[in-house]
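Student: Just passing along the structure, written as structure tokens.
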């Protein structure tokens, strides 16, 4: 069982889903706080589910409010960084960049391209997020 | 007001320099939880708040001599600099110490921090040993 736990964890790092920040979290876990990492992960997925839903609603509205979207992504990036969610963090950064460019864009045709990029990045972000969630669930389950 | 004999300063070079009351202000649950745990791990007693108002309210409690405020500068919907300014305005320039958490180490951020009477800066994501040494440094220079 121990070996399986180690393997799952190693693959999460090797495939770039997690970075060193996750190790920092593990170091905060001790006998007095034996489930700290799982607790933080649970908080993260609760928070990020809400953010994803907010972003989806904002995108559905049709007119891209880049400022609002960027605000949500800023939060998303912040908590993703704290937990070491590397791939998700990367997608957040890209999304924010497209927001920044889109916000400054004068030509509506080019703006539309930025909006497309945002949508595509968001789709990728959700995918990475869902994968991470599943793999972490496996990891915590195996650790029990 | 609370400047006087703060707990832990009897042995300035021992680990007890870090024992003491700290407020940590961060916007989202994940960051607040992680920062709080990190501070507790290094021996601090922590009150975690999620708004400038809560922070100022906590500071006004004379029963709790807070020595340090750990302040996230980049919070959505809240200006960390403004909170720092208010703390200095109401409580003066000596206590509590303010340590800012920032995603950027740009000069203008540093400048502004100095202007606001911030005593230390840590780049996010926060690492335990960095928080530890920055806290010690700030507390050491404050007691000199």
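The values are calculated or read from the model by the stated rules, or taken from the named source; none is laboratory data. Given the structure is predicted, the values throughout are model-derived calculations rather than measurements. A quick note on method: Cβ atoms are made from the backbone with ideal geometry, for glycine too, and the neighbour counts reach across all protein chains shown.
Student: Yes or no: the range A:66-75 includes at least one residue that is within 14 Å of another protein chain (Cβ to nearest Cβ), modelled with pLDDT of 85 or more and loosely packed, with under 15 Cβ neighbours inside 10 Å.
Tutor: Yes, the range A:66-75 contains a residue that is within 14 Å of another protein chain (Cβ to nearest Cβ), modelled with pLDDT of 85 or more and loosely packed, with under 15 Cβ neighbours inside 10 Å.
Student: Taking the condition of being surrounded by fewer than 23 Cβ atoms within 10 Å (Cβ to Cβ), in contact (Cβ under 8 Å) with a residue 60 or more places away in the chain and assigned to a helix (DSSP H, G or I), how many residues in the range B:39-82 meet it?
Tutor: Residues in the range B:39-82 being surrounded by fewer than 23 Cβ atoms within 10 Å (Cβ to Cβ), in contact (Cβ under 8 Å) with a residue 60 or more places away in the chain and assigned to a helix (DSSP H, G or I): 1 in total.
Student: Moving on. So which residues in the range B:113-129 are under 13 Å from residue B:102 (Cα atoms) and either surrounded by fewer than 17 Cβ atoms within 10 Å (Cβ to Cβ) or within 14 Å of chain A (Cβ to nearest Cβ) (or both)?
Tutor: Those that are under 13 Å from residue B:102 (Cα atoms) and either surrounded by fewer than 17 Cβ atoms within 10 Å (Cβ to Cβ) or within 14 Å of chain A (Cβ to nearest Cβ) (or both): B:122, B:123, B:124, B:125, B:126, B:127.
Student: Give me a count of the residues in the range A:1-43 that are within 13 Å of chain B (Cβ to nearest Cβ) and part of a helix (DSSP H, G or I).
Tutor: 16
Student: For residues that are touching a helix residue (DSSP H, G or I) at 6+ places or on another chain (Cβ under 6 Å), more than 26 Å from residue A:74 (Cβ to Cβ) and free of Cβ contacts under 8 Å to residues at least 40 places away in the same chain, tally how many sit in the range B:90-116.
Tutor: Qualifying residue count for the region: 0.
Student: Okay, moving on. Among the residues of the range A:79-91, which ones are within 21 Å of residue A:28 (Cα to Cα) and in contact with a helix residue (DSSP H, G or I) (Cβ under 7 Å, 6 or more places away or on another chain)?
Tutor: Within the range A:79-91, A:79, A:80, A:81, A:82, A:83, A:84, A:85 qualify.
Student: Out of (1) away from chain B (no Cβ under 14 Å); (2) buried (at least 16 other Cβ atoms within 10 Å of the Cβ), the odd one out for residue A:103 is which?
Tutor: (2)
Student: Identify, please: which residue in the range B:130-139 is away from chain A (no Cβ under 14 Å) and free of Cβ contacts under 8 Å to residues at least 24 places away in the same chain and is, among those, nearest to residue A:84 (Cα to Cα)?
Tutor: The selected residue is B:133.
Student: Any residue that is away from chain B (no Cβ under 14 Å), outside any helix (DSSP H, G or I) and either at pLDDT below 95 or touching a helix residue (DSSP H, G or I) at 6+ places or on another chain (Cβ under 8 Å) (or both) - is there at least one of those in the range A:47-61?
Tutor: yes
Student: May I ask you to say which residue of A:76, A:64 is in contact with a helix residue (DSSP H, G or I) (Cβ under 6 Å, 6 or more places away or on another chain), part of a loop (DSSP other than H, G, I, E, B) and in contact (Cβ under 8 Å) with a residue 24 or more places away in the chain?
Tutor: From the options A:76, A:64, the qualifying one is A:64.
Student: Return yes or no: is residue B:87 more than 14 Å from every other protein chain (Cβ to nearest Cβ), buried (at least 17 other Cβ atoms within 10 Å of the Cβ), touching a helix residue (DSSP H, G or I) at 6+ places or on another chain (Cβ under 6 Å) and under 18 Å from residue B:27 (Cβ atoms)?
Tutor: no
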